[in-house]
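Novice: Quick one: this structure, given as structure tokens, is what I'll be asking you about.
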Amino acid sequence: MAPASDVALTVKDLKTFIYTNNRCNKAVNGVSFSIRRGRTLCVVGESGCGKSVTAASIMQLLPTLSRIEAGEITYHSDRGDIRIDLLPRNGRKMRAIRGQDIAMIFQDPMTALNPVYTIGFQIMEMLRYHTRLGWRARYRKAVELLRSMGIPLPEQRVDEYPHMYSGGMRQRAMIAMAMSCNPKLLIADEPTTALDVTIQAQIFDLMETLKREHGTAVMLITHDMGVVAELADEVAVMYMGSIVEAGTVDEVLRTPRHPYTRALLESIPILGRGKAQEIHAIPGQTPNPYKRPPGCQFADRCRYRIARCETMPEETQLSGTHRVMCWRHADEEVHLDAAE
């Protein structure tokens, strides 16, 4: 963990369970990490690994039939530490934090934006709740935010509805709304899904600029290892509700110690190696979340599986920043095989 003075948010042993039809899905099962100011933590993993549920837990936007069973979520604000996990979901204090101190860019802007209100109205609503600006000042601020996001003709676009925006422009409008109050922490849940690569690059550039100019801490949720390599300062690899490996971007991408991390890296093409390079799909499927295996959740898909994997591996601290959950993290045979 980073020093407290440098940390915007600390999550410690978080457990968030979802209940349906008398069954329990341990969607987030003992997750710990910290997010530092002016830095980007990328949370990466396959669909269903618990990335979005972790973000929803931080924002207290969980579904009705789910709850935080254990752990701590501490927001280190200028006013002192605030235990988010202890706040009522829709209480006054949580509503004050949500949007002003901690903002979120949702995965699908078309469903996150209200189709019956103009983009300007929705940005101004955020400003009305969290600032003391008058109507004219809020309107000018909304126009300036759209302009800063690179949206053309912002004076005209501010009065248009979400369906009149393209996918990339809707996402820019979402970022404008999220950044309207200069939050200390920005959570971006796969913000460029279904967008073309040019728009993706522009949106990531915007996020980097906002982080650099405002010192905002960023939690970026993605399944794209290329995005991780480009943007991350720290990386947390999630699988079936647990962080199986975490560290700096160099530690995780250059010296991965968990077979799942290596499998993710082997499943993407590398620029410059040509069409002859081998790309390996990860074999098998993720376990049934309601009937989980007793030990390592990745064991059934792992080519390095041993009998000891029938029990859950302990978390091992490899360095001050690098940690892993794997019984064979120090096995030279495994690492030599991976290098080949």
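The values are calculated or read from the model by the stated rules, or taken from the named source; none is laboratory data. The structure presented is a predicted model; accordingly, all values stated were derived computationally and were not measured. Please note: Cβ atoms are built from the backbone with ideal geometry, for glycine as well, and neighbour counts cover all protein chains shown. Only protein heavy atoms, including side chains, enter the accessible area calculation; ligands, DNA and RNA are left aside. Shrake-Rupley method; radii C 1.70, N 1.55, O 1.52, S 1.80 Å.
Novice: From the helices alone, meaning DSSP H stretches of at least four residues, give me the mean residue ellipticity at 222 nm for the chain, per-run term -39500 (n - 2.57), in deg cm²/dmol to the nearest 500. Don't skip to the end; give the middle numbers.
Specialist: Details: 12 runs with 108 residues, N = 340.
Roughly -9000 deg cm²/dmol at 222 nm, from the helical runs in the chain.
Novice: Enumerate lysine pairs in the chain that are 8 or more residues apart or on different chains, then count those whose Cα atoms are under 14 Å apart. Before the final figure, lay out each step's value.
Specialist: Values: K15/K26; K15/K51; K26/K51; K26/K291; K184/K211.
Lysine pairs meeting the criterion: 5.
Novice: Can I ask one more? Dipole of segment 153-233 (Lys/Arg Cβ +1, Asp/Glu Cβ -1, origin at the Cα centre): which of H223, H163, T193 lies farthest to the positive side?
Specialist: Sorting the options by dipole projection puts first H163.
Novice: What whole-number value in Å² describes the accessible area per residue of the chain for a 1.4 Å probe?
Specialist: Working: 16840 Å² over 340 residues.
Heavy-atom accessible area per residue stands at 50 Å².
Novice: Run through the DSSP bridge list for the chain and note the antiparallel percent, rounded to the nearest 5.
Specialist: Numbers: 32 of 51 bridges.
DSSP beta bridges in the chain are roughly 65 percent antiparallel.
Novice: At what distance in angstrom do the alpha carbon centres of segment 189-246 and segment 248-298 lie from each other?
Specialist: 18 Å
Novice: Which one of M240, C296, S148 is farthest out on the positive end of the charge dipole of the chain, using unit charges on Cβ (Lys, Arg +1; Asp, Glu -1) and the Cα centre as origin?
Specialist: The residue sitting most towards the positive pole is S148.
Novice: Assuming R0 = 41 Å, what is the FRET efficiency of D6 and Y290, from their Cβ-Cβ distance, to the nearest 0.05? Could you put the intermediate results ahead of the total?
Specialist: Working: r = 39 Å, r/R0 = 0.96.
E between D6 and Y290, to the nearest 0.05, is 0.55.
Novice: Same structure, new question: Quick one: net charge of I123's neighbours, Cβ under 15 Å, K/R +1, D/E -1? Don't skip to the end; give the middle numbers.
Specialist: Details: positive: R128, R136, R138, R140, K141, R147, R157, R170, R172; negative: E125, E144, E155, D159, E160.
Neighbourhood net charge equals +4.
Novice: Can you compute the charge dipole magnitude of the chain about its Cα centre, using +1 on each Lys and Arg Cβ and -1 on each Asp and Glu Cβ, nothing else charged? Give it in debye, rounded to the nearest 20.
Specialist: Values: 42 positive and 39 negative charges, 286 e Å.
In debye, rounded to 20, the chain gives about 1380.
Novice: For every other residue with a beta carbon closer than 11 angstrom to the beta carbon of D250, add +1 if it is Lys or Arg and -1 if Asp or Glu, then tell me the sum. Each step should come with its number before you reach the end.
Specialist: Numbers: positive: R254; negative: D233, E234, E251.
That sum, taken over residues with Cβ under 11 Å, equals -2.
Novice: Gain in length, L65 to T255, computed as 0.36 nm per residue apart minus the alpha-carbon separation, to one decimal in nm? Kindly include the intermediate steps, with their values, before the conclusion.
Specialist: Details: separation 190, 0.36 × 190 = 68.40 nm, distance 3.94 nm.
Length gained, L65 through T255: 64.5 nm.
Novice: Using the Cβ atoms and a cut-off under 12 Å, what net charge is assigned to the surroundings of M149, where Lys and Arg are +1 and Asp and Glu are -1? All intermediate terms of the calculation are to be shown ahead of the outcome.
Specialist: On the way: positive: R147, R157, R170, R172; negative: E144, D205.
After counting each charged neighbour, the total is +2.
Novice: Kirkwood-based Rg over Rh for the chain (C-alpha set), two decimals? Each step should come with its number before you reach the end.
Specialist: Details: Rg = 20.9 Å, Rh = 21.2 Å.
Taking Rh as the inverse mean 1/r over Cα pairs, Rg/Rh reads 0.98.
Novice: A further question follows. Give a quick list of trypsin sites (Lys or Arg not before Pro) in segment 72-144 that DSSP marks as loop, anything other than H, G, I, E or B, with at most 10 other Cβ atoms within 10 Å.
Specialist: Details: sites: R79, R83, R89, R92, K93, R95, R98, R128, R132, R136, R138, R140, K141; in loops: R79, R89, R132.
When the trypsin sites (Lys or Arg not before Pro) of segment 72-144 are filtered for loop state and at most 10 Cβ neighbours within 10 Å, R79, R132 remain.
Novice: Please report the carbon-and-sulfur percent of the accessible area for segment 105-147; probe 1.4 Å, protein heavy atoms only, DNA, RNA and ligands left out.
Specialist: 56 percent
Novice: How much accessible surface does L210 have with a 1.4 Å probe, in Å² rounded to 10?
Specialist: Around 20 Å² of this residue is reachable by solvent.
Novice: Grab the Cα-Cα distance for Y161 and T316, subtract it from 0.36 nm times how many residues apart they are, and report the gain in nm with one decimal.
Specialist: Values: separation 155, 0.36 × 155 = 55.80 nm, distance 5.06 nm.
Difference between extended and current length: 50.7 nm.
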